[in-house]
Structures are given as C-alpha cells and as structure tokens.
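Just so you know, all these numbers are worked out from the coordinates, no wet-lab data involved. All values reported here derive from a predicted model rather than from experimental measurement. Neighbour counts are summed over all protein chains in view; Cβ atoms, including those assigned to glycine, are modelled from backbone coordinates with ideal geometry.
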Amino acid sequence: MNRRQFASLSAFTAGVALSPKLWAAKPNADAKNRRFHVAIIADTHIIDSFYKGQEETPEDSESLFHTSERLIAARDHINRLSPAVDLVFNLGDVVHDCPSTDYDFYFQNRTRLDIAGEILAGFHAPVHLALGNHDYSLPRISRELTHRLFADKLHATPYSVVNHKGWKFLIINNFLGVSWDTSDAAYNQGVGTLGLVQLNWLEAELAQRMPTIVLIHYPLWIVEPKEFSDFGLHPLLRKYSDSVRLVLSGHWHKWVDFAHTFGPQHYVAAATRYDPNSYMILEIDSASGSCTFLNARCAEWATHYSQPYS
C-alpha cells in the first residue's frame, strides 16, 4: 500500500485508529495459571547482499537496510518478557522479494531466506509464518516456487492451524485465489482472495467453535468479501463471530484499529521494518475465552511506530 492509498483511509481511521479498545477487561490476578501470552510481529522485510532495489520513498529505501537489526532487537526484547510468550506469529512479508527464479540458487548462496531463518530461530518460542505479497514476488516468481522455498527454508506452509491450550490460531493466505493467478482475467495484486479449497478448509476449522484468532497478511479492507456467490472470508467471519476473537493483519506497515467493522475485532499491525517496538503482545485466558492486547497503549496509531513495552 502506498502513501496515497493510505491517505484515502484517513477519514475512516480517524474514528477508529486513534481510539483502540482492549478486547477484554483487565485480567484477574488470581487466574495466572490459565493465562498464556502470544507475540505478533509483521512485515519484517529481510534483505540480503543481492538486494539492489530502490523503494517508493527515501524512508522506505532506508528502512530496508535496517530490517535485520530491527527484527533482532524485537526478538531480543520479546525473549526477555516475563511471563514468557508461548508462541510467535509473523503476519507476512517475512522477506522483501526473492532474488532469483532458480531454486538451486537458494542452496548455492546465503540469501534473505537464510538470514530470516537464522533470526527467527533465535526466538525462545516457536514461530509460525503467514506469507505476504513480497514473499511471493509475483509475477516474476511463481507461487509454486515460493511455496517450495518457504517449506524447505522456513518450514512454512501456505496456510495452517495452530491449536494451543484450547485456542485456535488460523494462519490464512489471501494470495491463493484468482486475484493472484497470473493466468486469470481477475488477476489483480491489489485484492486478496483465498480460493475455494482454502475457504472450505477455513469453514471446517471455524465450525469447531473454539476461541479463535485469524491471522492474514492483507487487511480485510482489501480482501474480496465474497468469492463464490455468498461464500467468502467476510461472511465466514460474521457467521463465526461468536468464536473469532481477533483478526490480525499487516501489509500497511501502520497501526490501524478497524474495531468491529467486519464482525470480529480487526487490527492492522505496524511493521518491525520501521520500528523494533512495533509488535503486539496478547494475553489469552483459556478459561474465560478472552484476549487482551497488552501493549495497545504503546502503539502510535496510524503510524509505523510504538513506544517501548515493558
């Protein structure tokens, strides 16, 4: 998303992005044994020595040369938190494009996939990845090659589910539908679509009615609401809004609070690419089914930035 597109949302976000609300009341001190914590990072955009690009603005260009150090700083801070986090999720754009269309290249050279893997391996908690548009690098690199590389280098699949202490974390992929099929007339990288196979899988998971957090790279604002007649991501989120506690996305690099515009509470997370303090810590109560965004007060809404969390 460029600055002009982001500005078009200013009238909307003025009402919601500057007034974040916690999802649940402050946790009870007597319930420590039933709580756990989760860290959310987004848009890490790791590069390597093969990166030769120029981005849209000087700030964007400069930021890419600090992505590794900022991710390391975020990781080290998250690792020091007490209580410790159980899980870490990256909302996509793990790397900033891939440098070659040749699969073997990635095993003959140290690339951004290796660098990202090394940094992520330093988290004390397991890390689970969503894929972003820069992870795909379409149309230069096929979706199939991206999936193969992410599986072999980062042990990531196109979409997945993590079940943990009675909660479900659904990592979904808005790049598998027709809008990201270069051979389809509907090809349009500005719109996210999931495709029928993934939508059917998603509904089967949601139908279990467990407390759920949905993680997706594109904000719901730019995901096609309905892909097949009345069947699509937006209707599914409303149908299961009694069990979907949060929908979290990245891509815009700035903090946005959509509140309940799409049914469940929907936040867009800022990017560690610009600020190592820009991450989310969630406290989840397995008994009550509640979820609290602990460092919401640190977020500088509608910007890249956050105050340090402690």
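Any idea which of Val256, Tyr240, Met280 is furthest toward the positive side of the dipole for segment 234-310, if Lys and Arg beta-carbons carry +1 and Asp and Glu beta-carbons -1?
Tyr240
When the Karplus curve 6.51 cos²θ - 1.76 cosθ + 1.60 is applied with θ = phi - 60°, which whole-Hz ³J(HN,Hα) does each residue of segment 57-70 get, with x for Gly and Pro?
Once rounded to whole Hz, the list reads 10, x, 4, 5, 5, 4, 4, 5, 7, 10, 5, 5, 5, 6.
Need the full-extension length gain, His234 to Asp152, defined as separation in residues times 0.36 nm minus the C-alpha distance. One decimal, nm.
26.3 nm
Among Ala39, Leu154, Val223, whose Cα sits farthest toward the positive end of the charge dipole of the chain (+1 at Cβ of Lys/Arg, -1 at Cβ of Asp/Glu, about the Cα centre)?
In the chain, that residue is Ala39.
Given the rule -39500 (n - 2.57) for each run of at least 4 DSSP H residues, summed and divided by the residues of the chain, what is its mean residue ellipticity at 222 nm, to the nearest 500 deg cm²/dmol?
Value at 222 nm, helices only: -7000 deg cm²/dmol.
Quick one: putting +1 on the C-beta of Lys and Arg, -1 on the C-beta of Asp and Glu, what dipole do you get for the chain around its Cα centre, in Debye to the nearest 20?
960
Rounded to whole Hz and in sequence order, give me ³J(HN,Hα) for segment 190-197 from the Karplus expression 6.51 cos²θ - 1.76 cosθ + 1.60, θ = phi - 60°, writing x for Gly and Pro.
For segment 190-197, the Karplus-derived couplings read x, 10, x, 9, 9, x, 5, 4 Hz, x marking Gly and Pro.
Using Cα-only point scatterers and the Debye equation, what is log10 of I(q)/I(0) for segment 90-146 at each q in 0.18, 0.22, 0.25 Å⁻¹, rounded to two decimals?
-0.64, -0.91, -1.09
What does the net charge come to around Asp184 if you take all other residues with beta carbon closer than 15 Å to its beta carbon, with K and R at +1 and D and E at -1?
-2
Find out how many positive minus negative residues lie around His37, taking Lys and Arg as positive, Asp and Glu as negative, among other residues whose Cβ is under 9 Å from that of His37.
Net local charge, His37 excluded: -1.
Mean projection of the alpha-carbon convex hull of segment 21-173 over all orientations, in nm²?
Taking the Cα atoms of segment 21-173, their convex hull projects to 10.7 nm² on average.
Number of Lys pairs in the chain with C-alpha atoms less than 23 angstrom apart, excluding same-chain neighbours closer than eight positions?
Close lysine pairs under the 23 Å cut-off: 11.
When the expected Rg is taken as 2.2 N^0.38 Å, what fraction or multiple of it is the alpha-carbon Rg of segment 230-303?
Dividing the Cα Rg of segment 230-303 by 2.2 N^0.38 Å gives 1.19.
Dipole of the chain (Lys/Arg Cβ +1, Asp/Glu Cβ -1, origin at the Cα centre): which of Leu81, Asn173, Phe65 lies farthest to the positive side?
About the Cα centre, the residue reaching furthest to the positive side is Leu81.
Excluding the sites themselves, what is the longest stretch of the chain that contains no GluC sites (Glu not before Pro) in a DSSP loop with at most 15 other C-beta atoms within 10 Å?
The segment 57-310 is the longest one with no such site.
How far apart, in nm, are two points set 7 Å out from the Cα along the Cα-to-Cβ line at Arg110 and at Glu69?
Using points 7 Å along Cα→Cβ, the separation is 1.8 nm.
Whole angstrom only: what separates the Cα centroid of segment 236-252 from the Cα centroid of segment 67-141?
24
If Lys and Arg each add +1 and Asp and Glu each add -1, what is the summed charge of the other residues whose beta carbon sits under 14 Å from the beta carbon of Glu227?
Overall, the nearby charge balance is -4.
Could you grab the Rg to Rh ratio for segment 33-298? Cα atoms only, Kirkwood for Rh.
Ratio of gyration radius to Kirkwood radius: 0.95.
Let a ≥ b ≥ c be the square roots of the eigenvalues of the Cα gyration tensor of segment 170-310; is it rounded (a/c under 1.5), or, if not, prolate (a/b larger than b/c) or oblate?
oblate
In whole Hz and in residue order, list the ³J(HN,Hα) couplings for segment 273-278 that follow from phi through the Karplus curve 6.51 cos²θ - 1.76 cosθ + 1.60, θ = phi - 60°; x for Gly and Pro.
3, 9, 8, x, 7, 8
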